[in-house]
């Protein structure tokens, strides 16, 4: 059973993870579509759509894990 | 579809499916296993998938089909089928002296340490001109710099037919001049019929090899 701190912080992190996953899905879908045809526009689609979407998804994922407070919040300084 | 391409497509499809799983079932990441899954599907697999996609696109950019897909290159592609062996690209293409599916790249890359990178950057410039710039007429397209013998010698140097050709040893220093690029293979009026796209309307064409260029 999850503790209170975990379940309270989860929706924000999960929202970011959802968005990150969605961006990566769209980027990878664009990548698959760009592989259908051998054409310069396919490369343009890869460079202009796939790369920015996947990069944004990865950055959002990394941001979501570093900005997520661990259980119990900050450790108080020793007096 | 080549086996490597099929593998890449399957890998990207799997990465896509797993990313979709995390996107639509984000609550899975509450458990430790879900966190590991998220790390793989939202970081490791997308990086690998984009790397594979990049590699695939770079390989495709070397294909004859890729180069000839721009409208302005159409006549250059036709010049590979001219039924006249004095056309150097046609002679190389039709006799398989260059791989037909990489015909353009084989002659127009630089055989230097960063020649492939230079060729790709030139390709990017061509794409910019094709889609956003002013496209010149095919007959006005010229090389940026005179064709370097190095590119010819990459294959011909050391070949018996090249070294024993009487015209290449007409004078004692001729071969050394060719090897050092002091005497150009093309500009020295020896092999100067290249694509010559402005002469194609009067040319006859070879009918074979169409499927190999793809």
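Bear in mind that the values in this text are calculations on the coordinates, not laboratory data. These figures come from a predicted structure and were not determined experimentally.
What's the Kirkwood radius of chain B in Å, using all Cα pairs?
On the way: mean 1/r = 0.0483 Å⁻¹.
So the Kirkwood estimate lands at 20.7 Å.
Which of rounded, prolate or oblate describes region A:26-69 when judged by the alpha-carbon gyration tensor and an a/c cut-off of 1.5?
prolate
Under 10 Å, Cα contacts only: if you run a Gaussian network model on chain B, which one of B:128, B:87, B:111 comes out with the highest mean-square fluctuation?
B:128
List the pair-distance distribution P(r) of the protein assembly as shown, using every Cα-Cα distance, as the percent of pairs falling in each 10 Å bin from 0 up to the bin containing the longest distance, rounded to whole percents.
So the P(r) values, bin by bin, are 6, 21, 23, 17, 13, 10, 6, 3, 1, 0.
Tilt of helix B:3-24 relative to the longest C-alpha principal axis of chain B, in degrees (0 to 90, nearest 10)?
For B:3-24 against chain B, the angle is about 30 degrees.
Can you tell which of B:173, B:118, B:101 shows the greatest fluctuation in a Gaussian network model of chain B with Cα springs below 10 Å?
B:173
In degrees, nearest 10, range 0 to 90: what is the angle between the Cα axis of helix B:115-132 and the longest Cα principal axis of chain B?
The helix B:115-132 is inclined about 80 degrees to chain B.
So what's the back-of-envelope 222 nm ellipticity for chain B, counting only DSSP H runs of four-plus at -39500 (n - 2.57) apiece and dividing by all residues, rounded to 500? Walk me through the numbers on the way to the answer.
Numbers: 11 runs with 105 residues, N = 214.
One gets -14000 deg cm²/dmol as the mean residue ellipticity at 222 nm.
Using only the alpha-carbon atoms of region B:3-60, report the extent along each of the three principal axes, biggest first, to the nearest angstrom.
Dimensions of region B:3-60 along the principal axes of its Cα atoms: 41, 15, 14 Å.
Using Cα centres only, tell me the gap between region B:37-79 and region B:180-204 in whole Å.
31
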